[in-house]
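Let me begin by presenting the structure, written as structure tokens, before commenting on it.
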Amino acid sequence: MFPVANWSRRKLEIADAFRQAAPLPAEADETIYQKMLTQIGVANNQDMNILISFMNDIIMAARREERPATPLEAFLDWLRYKQTHEE
């Protein structure tokens, strides 16, 4: 695996792809989550770390704006579980 030369640029790419992907389901759904990873283009562990970082950012923004963050939190929990159990 080759390290991403520019974390910020890659985070922007993943963020844009996430925003263009289908909306997250209201309840956790591993099948949909797995499809989202493919659609977003998360190809390796480094991309997974970047997506987790981005998810933390948007969850914090949702909380600041007092918007519901439950679907985002469920997806983040699944990402963390997947990352720790598939390394």
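The values are calculated or read from the model by the stated rules, or taken from the named source; none is laboratory data. The shown structure was predicted, so the numbers you read here are calculated from the model rather than taken from an experiment. We work out accessible area using only protein heavy atoms, side chains counted, and drop any ligands, DNA or RNA first. Shrake-Rupley method; radii C 1.70, N 1.55, O 1.52, S 1.80 Å.
For the chain, what % of the accessible area comes from carbon and sulfur atoms, probe 1.4 Å? On the chain, the fraction of accessible area on carbon and sulfur atoms equals 52 percent. When Rg and the Kirkwood Rh are both derived from Cα coordinates, the Rg/Rh ratio for the stretch 10-56 amounts to 0.93. What is the Rg over Rh value, at two decimals, for the chain, using alpha-carbon atoms and the Kirkwood definition of Rh? Here the Rg-to-Rh quotient is 0.95.
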